[in-house]
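A quick write-up on the structure given underneath.
Every read-out reported here was derived from the displayed coordinates using simple, explicitly stated rules and does not represent laboratory data. Quick caveat: nothing in here was measured; it's all calculated off a predicted structure. Here the Cβ positions follow ideal geometry from the backbone for every residue, glycine too, while neighbour counts run over all protein chains shown.
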Amino acid sequence: MTDFIPTGIQLSYLVAVSLFFVGLKKLGSPATARNGNLLASVGMLIAIVATLLEKEVLNYEMILIGIVIGSIIGAIAAYKVEMTAMPQMVGLFNGLGGAASAMVAVGEFWRFLAVAQSPPLPTTITALLGVLIGGITFTGSLIAFAKLQGVMTGSPITFPLQQPFNALLFGGFIVGSVYLCVTPFNLPVFLALVGVSLVLGVMFV
């Protein structure tokens, strides 16, 4: 039972960032933006509940302050932003959620390196998945916002040999992840994988 709670929390984080990613894809079109917003909101709720249940949370006051500040910003933005621009605003919020997920993953990995300890394998795998999905969600959301706002063309980003390039990036992430699982005490490789995930977000939208 004691092992189930941490595992359930980690799985909840993965579900949350997955919902962020699916919500991002749906935010790319006004026709599906409403469903995308709902999925991203559910993902955020799951992430918040999982965080509050985490035993290592020692300062609930800071969490409460963050929720209040975020709620105020969201309420002001929702009041001032026109309904026609709502998908763009939600896209930005979704991107911030992805960035937060990636930052949590980086922080968890760094927590072990700061005390010269190698992260356990489950922690490394969870951090890598968080970085991958969170990084893609962050940059992908920024691209989706730019397209919905009319700053960029709505056409996908294409260039010669794009598919092999994307496959090379994703394959590099997989290889780097396997290497990091074998030799987890390697910050440069981890940071390189963060960069790859950010580029993938641009390429996939």
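Expressed as a whole number of Å, what is the distance separating the alpha-carbon centroids of region 113-179 and region 30-104?
20 Å
Using unit Cβ charges (K, R positive; D, E negative) and no other charged atoms, how large, in debye to the nearest 20, is the dipole of the chain about its Cα centre? All intermediate terms of the calculation are to be shown ahead of the outcome.
Numbers: 7 positive and 6 negative charges, 98 e Å.
Its charge dipole is roughly 460 debye.
May I ask which residue of Met44, Ala16, Ala144 lies farthest towards the positive end of the charge dipole of region 1-158, with charges of +1 (Lys, Arg) and -1 (Asp, Glu) on Cβ and the Cα centre as origin?
Ala144
Helix-derived [θ] at 222 nm for the chain: sum -39500 (n - 2.57) over DSSP H runs of at least 4, divide by residue count, nearest 500?
Mean residue ellipticity, 222 nm, calculated: -27500 deg cm²/dmol.
Where does region 84-160 land on Rg/Rh, using Cα atoms and the Kirkwood Rh?
Here the Rg-to-Rh quotient is 1.16.
Answer with one residue from Ala127, Leu168, Tyr60: the one whose Cα lies farthest towards the positive end of the charge dipole of the chain, charges on Cβ with Lys, Arg +1 and Asp, Glu -1.
About the Cα centre, the residue reaching furthest to the positive side is Leu168.
As a footprinting exposure proxy, order Val115, Val196, Val131 by other Cβ within 10 Å, with the fewest listed first. Don't jump to the answer; show the numbers that get you there.
Working: Val115 6, Val196 21, Val131 28.
In order of increasing Cβ crowding within 10 Å: Val115, Val196, Val131.
Once you've got the GNM for the chain with C-alpha springs shorter than 10 Å, pick whichever of Met86, Met152, Met103 has the biggest mean-square fluctuation.
Highest fluctuation of the listed residues: Met152.
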